[in-house]
Structures are given as structure tokens and as C-alpha cells.
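This report concerns only the one structure given below.
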Amino acid sequence: MTLLLEDDGRQFQTRFRLTEIDTPERAQPWGTRARQALADKVFRHQVRVLPEGKDRYDRMLGKIYLDGRDINREMVREGHAWAYRQYLNDQSLLEDERRARNAGTGLWSLPPAQHVPPWEWRRGERGSNMPALASSAQTTSFTCGRKTYCREMSSCAEARFYLQRCGLTRLDGDGDGVPCENICRASR
């Protein structure tokens, strides 16, 4: 995410990563809503940033506070983010995540098949061990994250993979469980 920050009256844009949490990617289910939730919290507000260094992509790492509220924690409590296990220092975030999950809050209101942690989603984008979907005519291996629209799908099997395994719900415009109707109806 890019934030416009102001420090002593000087404005600058910087790439900023909230520590200890991981929000869904843009193309991932709940990704857009998570970004909007964060924007609703901090846009045009004076926040306090507690920097914790930089990551390997040269992004500033840290926590954001607004009027004493821990925004990173709120994102987890409201179901807009996971506690990022690989970089977790505050174990109590796991309890916040568990409560949000049990309450069906935010992304946890989605079907369980769509509860793919962002770090696994990103691994799938790079073509690692995401499950393959077999077509009746042939076995083809697909990976999440490369395509986002029906016009980019080469087959109904690929569209089904993106809907079922990657959670790309936009492919099922009418919500009937059949993705890319123009492709899948033609293949019946």
C-alpha cells in the first residue's frame, strides 16, 4: 500500500507495510474490502507511525496508531487481516484472529474454501504447489493469481479452478456457482 505521510509539514509518499498482519491481496477474496477498511480508518487522519525498520523490498515497516487505537490490531479483530505468523511478535493477535474467525467477521464471513492466507496465495501466484484441477479431457495444472477476467480464461476447467481454488468470485457474476457462463455453457 502507498501512504501519503506528512512529517513536520513536509509531505511524501512511501511504501509502507503494517507489521505482524497480512491482508488479502487485491485479486484475492476480501482484498478490495480490506484495503477500503484501512483507507476508511486512516485516510486524511493524523496517525502516529511506529517504524520498525524496512523489509527486503525497501518498504517501511511499522504499526499505525490513530487516537491511541492500534490500527494493525483492529484490522485483525475486524476480520480484514490475518496475524502474519512468520513475522509475529505479539502472540495475542492470534487470539484476535480466532475471535474474528469464530464470529464470522469480515473475510471469515466468506465460504471456508476462500480462507486462503495471503502468504499461501502469493506462493500460488509464483506457481508452487497450488492444487491442480483436472479436466475430463486432459489434466492441466493452473496456478492462482495470473488471470482475473473471464476473457483471460482458456477453458471452463481453468475458470472453475480460479473460482473454486483461488476464490475469484467475480467470475461467477450471477452467483450460481458456474464461472464464465459464456465459456462453461459452450463446453457442455
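Some points to look at:
- Among 20, 97, 120, residue whose mean-square fluctuation peaks in a GNM of the chain (springs only between Cα atoms under 10 Å): 120
- Projecting the Cα atoms of 68, 19, 92 onto the charge dipole of region 1-93, computed from C-beta unit charges around the Cα centre, puts 19 farthest toward the positive end.
- For residue 54, distant residues with modelled amide H under 5 Å away: 61
- Largest GNM mean-square fluctuation among 15, 99, 26, using the chain with Cα springs under 10 Å: 15.
- Three-way shape call for region 24-104 based on the alpha-carbon gyration tensor, with the a/c threshold at 1.5: rounded
- Option label - Cα Rg over 2.2 N^0.38 Å computed here, alternatives (i) 1.03; (ii) 1.17; (iii) 1.08: (ii)
- GNM flexibility winner over the chain from 162, 57, 149 (Cα, springs under 10 Å): 57
- Note on residue 54: lysines with a C-alpha under 27 Å away, same-chain residues under 8 apart excluded, are 41, 63.
- Remark: spin-label model distance residue 176-residue 69 equals 4.2 nm, labels positioned 7 Å along the Cα→Cβ axis.
- Here the dipole of region 2-114 is about 260 debye; that uses its Cα centre as origin and unit charges on the Cβ of Lys and Arg (positive) and Asp and Glu (negative).
- Between residue 92 and residue 42, the FRET efficiency estimated from the beta carbon spacing at R0 = 25 angstrom works out to 0.70.
Each value in this text was obtained by applying a stated rule to the coordinates, not by laboratory testing. None of these values were measured; they are calculated from a predicted model. Glycine also receives a Cβ, built like all others from the backbone with ideal geometry; neighbour counts cover every protein chain displayed.
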